[in-house]
Amino acid sequence: MRESVLDVLMYLFETYIETQDIPEINHNDLKTDLVKAGFSVSEIEKAFDWLDKLAENNEIIGDLHDNASSRLYNDIEMNRLDTSCRGFIYYLEQINILTTTQRELLIDRLLALDTSEINIEQIKWIVLMILFSQPGQEKAYSKMEDLIFESNEDFLH
């Protein structure tokens, strides 16, 4: 059985969102499909909660204005996001994939994964989910996809 909230989120994203095949399914039907796919009910519930919080945060940040700000990480964030993760987040801001507000949402959603280690691959997936969930982010989403596929091609060659 798959036991990660991120696995559930990635499965949902790949199966329904990325293919643009968004069915009109209620949570119970979707939960049944996910259980059939091998996910535990507890991880499914956590994934639904994670998505609900993402939607709530999107509503909140819609009213905020971005500004150029530096980010000081607290002890919890420093422990969960190593130097390479923090550097990658900074890089995404510098190439205009993430705004400062989206950065804060990203950090919040990464910490909410409740995993012991966070890596750059996880960050990439969460960034895609965040950008997809926000209207008007098509250009940033496309840049992020290009970044992912370029790094995967470099890895394969």
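The values are calculated or read from the model by the stated rules, or taken from the named source; none is laboratory data. It should be emphasised that the depicted structure is a prediction, and the values quoted were computed from it without experimental measurement. All Cβ positions, glycine included, derive from the backbone under ideal geometry; neighbour counts span all protein chains shown.
Every listed requirement among (1) without any contact (Cβ under 8 Å) to a residue 12 or more places away in the chain; (2) among the aliphatic types (A, V, I, L, M); (3) buried (at least 16 other Cβ atoms within 10 Å of the Cβ) is met by residue 98 save one, (1). With the requirement that a residue be exposed (fewer than 13 other Cβ atoms within 10 Å of the Cβ) and among the basic types (Lys, Arg), what does region 122-152 give you? Passing the criteria: only 139. Return yes when residue 3 is on the phi < 0 side of the Ramachandran plot, in contact with a Ser or Thr (Cβ under 7 Å, 6 or more places away or on another chain), modelled with pLDDT under 95 and not aromatic (Phe, Trp, Tyr) and no when it is not. Taking the combined requirement at face value, the residue satisfies it. Within region 70-83, is there a residue that is of a type in the set (Ser, Thr, Tyr), farther than 26 Å from residue 16 by Cβ, surrounded by 11 or more Cβ atoms within 10 Å (Cβ to Cβ) and in contact with a helix residue (DSSP H, G or I) (Cβ under 9 Å, 6 or more places away or on another chain)? The answer is yes, given that some residue of region 70-83 is of a type in the set (Ser, Thr, Tyr), farther than 26 Å from residue 16 by Cβ, surrounded by 11 or more Cβ atoms within 10 Å (Cβ to Cβ) and in contact with a helix residue (DSSP H, G or I) (Cβ under 9 Å, 6 or more places away or on another chain). Every condition in (1) in a helix (DSSP H, G or I); (2) out of contact with any strand residue (DSSP E or B) (no Cβ under 8 Å at 6 or more places or on another chain); (3) β-branched (Val, Ile, Thr); (4) modelled with pLDDT under 95 holds for residue 22 except the one numbered (1). On the stretch given as region 102-121, residues that are part of a helix (DSSP H, G or I) and surrounded by fewer than 19 Cβ atoms within 10 Å (Cβ to Cβ) total 5.
With respect to residue 68, is the statement that it is at pLDDT below 90, of a type outside the set (S, T, N, Q) and within 14 Å of the chain's Cα centre (by Cα) true? It is false that residue 68 is at pLDDT below 90, of a type outside the set (S, T, N, Q) and within 14 Å of the chain's Cα centre (by Cα).
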